[in-house]
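A.B. asks: Here you go, one structure.
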Amino acid sequence: MDTEPTANPDETTDTICGVLEVIQAKRGYRFGVESLLLPGFVRPGADELVDLGCGSGVIPLVMVRFYGIKKAFGVEIQSGLADRARRTAALNHLADRVEIVEADLKALDGVLPAGKFELVVSNPPYRPAETGQVSQQEEKALGKHEIACAAPDVVAAAARLLRPQGRFCLVFSSKRLPELMALLRGHGLQPSRLRMIHGRLELPSKNCLVEAVRGGKGTMVTEPPLIVYDKLEEYTEEVKGMLYPSE
């Protein structure tokens, strides 16, 4: 009988969505709330997805468990994160539906087929490498800053993987939105939906949710803002629904 995966002494096992267990490093990269907001933004209808830069494997795990995805591939360049994502999938008895691929998203030829997937998602590092305080901890630095990959690399990888009319959904920095829009259109991905994320109603948006369609036409829909916290500093009802989706 196989032994159920467990966390190592330098790791934690954290519960998300009320039922899923995620293995994370105590001092390495740890996922943020954006990884749970993105699945709630994705429109239903896809059977398979690829998560570019999957980290601990949170997005594939949630999409398979709650959002009707039958098979999810998570691409992760860092060995430690890829290992934890695999153990997390096994811990939740989803190893047959969540496959973690340790690879550089800039070099996926021969790893994942081009033009096959109806959905690609990503919560990529979107802080330019030369800006802000870069963590001395390599795993955190690669997860937050554009060191191993940058926005053009992520968009190019998504465009390669998607079939015609396939969708790319991602979280990105609001202040870099014009740059992202240009990158998407430059790779044949037409922005179709935009939703700004605000920590509170009165605060400027720091991050946003974007959907683009390969070969899509028409205009982009700007959806109502997503407010994370209410006046009591508690999660809004909509965000609670994303953090604790129903099966």
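The numbers here are math on the coordinates, done by the rules we state, and not lab data. Just so it is clear, the structure is predicted and the values come from calculations on it, not from any experiment. No Cβ is skipped: glycine too gets one built from the backbone with ideal geometry, and neighbour counts run over all protein chains shown.
A.B. asks: For a quick check of your reading of the filter: which GluC sites (Glu not before Pro) in region 167-225 sit in a DSSP loop and have no more than 15 other Cβ atoms within 10 Å?
C.D. replies: GLU202
A.B. asks: What is the fewest-to-most order of ASP153, ASP14, ASP96 by other Cβ atoms lying within 10 Å of their Cβ?
C.D. replies: The order, fewest Cβ neighbours first, is ASP96, ASP14, ASP153.
A.B. asks: Summing Lys, Arg as +1 and Asp, Glu as -1, what charge do residues with Cβ under 12 Å from the Cβ of VAL120 carry, VAL120 excluded?
C.D. replies: Counting the neighbours of VAL120, the net charge comes to +1.
A.B. asks: Of the lysine pairs in the chain, how many meet both conditions: Cα atoms under 16 Å apart, and a spacing of 8 or more in sequence or different chains?
C.D. replies: Close lysine pairs under the 16 Å cut-off: 7.
A.B. asks: Which ordering of VAL210, VAL98 is given by a fewest-first count of other beta-carbon atoms within 10 Å?
C.D. replies: Lowest count first: VAL210, VAL98.
A.B. asks: Taking loop as defined by DSSP and a crowding limit of 15 other beta carbons within 10 Å, which trypsin sites (Lys or Arg not before Pro) in region 67-104 fit?
C.D. replies: In loop regions of region 67-104 (DSSP not H, G, I, E or B), the sparsely surrounded trypsin sites (Lys or Arg not before Pro) are LYS70.
A.B. asks: With N denoting the number of residues in the chain, provide Rg(C-alpha) divided by 2.2 N^0.38 Å, to two decimal places.
C.D. replies: Compared with the compact-globule rule of thumb, the chain sits at 0.96.
A.B. asks: Which order do VAL221, VAL64 fall in if you start with the one that has the fewest other Cβ atoms within 10 Å?
C.D. replies: Taking fewest neighbouring Cβ atoms as first place, the list is VAL221, VAL64.
A.B. asks: Excluding PHE73 itself, what net charge comes from residues whose Cβ is under 9 Å from its Cβ, given Lys and Arg +1 and Asp and Glu -1?
C.D. replies: That sum, taken over residues with Cβ under 9 Å, equals -2.
A.B. asks: Under a 10 Å cutoff between Cα atoms, tell me which one of GLN24, GLN165, GLN190 has the largest fluctuation in the Gaussian network model of the chain.
C.D. replies: Looking only at GLN24, GLN165, GLN190, the largest GNM fluctuation is found for GLN165.
A.B. asks: Work out the charge dipole of the chain with +1 on the Cβ of Lys and Arg and -1 on the Cβ of Asp and Glu about the Cα centre, then indicate which of VAL101, THR15, PRO191 is farthest towards its positive end.
C.D. replies: Working it through, the farthest residue towards the positive pole turns out to be PRO191.
A.B. asks: Counting DSSP beta bridges with both partners in the chain, what percentage is antiparallel, nearest 5?
C.D. replies: Roughly 50 percent of the DSSP beta bridges within the chain come out antiparallel.
A.B. asks: A follow-up question, please. Direction-averaged shadow area of the convex hull around the Cα atoms of region 204-245, nm²?
C.D. replies: 4.5 nm²
A.B. asks: So what is the relative contact order of the chain, in percent, for Cα pairs below 8 Å that sit 6 or more residues apart?
C.D. replies: Averaging sequence separation for qualifying contacts and normalising by length gives 17 percent for the chain.
A.B. asks: So which trypsin sites (Lys or Arg not before Pro) in region 148-247 are both in a DSSP loop and have at most 10 other Cβ atoms within 10 Å of their Cβ?
C.D. replies: For trypsin sites (Lys or Arg not before Pro) across region 148-247 that sit outside H, G, I, E and B with at most 10 neighbouring Cβ atoms in 10 Å, the list reads LYS217, LYS231.
A.B. asks: Using unit Cβ charges (K, R positive; D, E negative) and no other charged atoms, how large, in debye to the nearest 20, is the dipole of region 11-243 about its Cα centre?
C.D. replies: My answer is approximately 460 debye.
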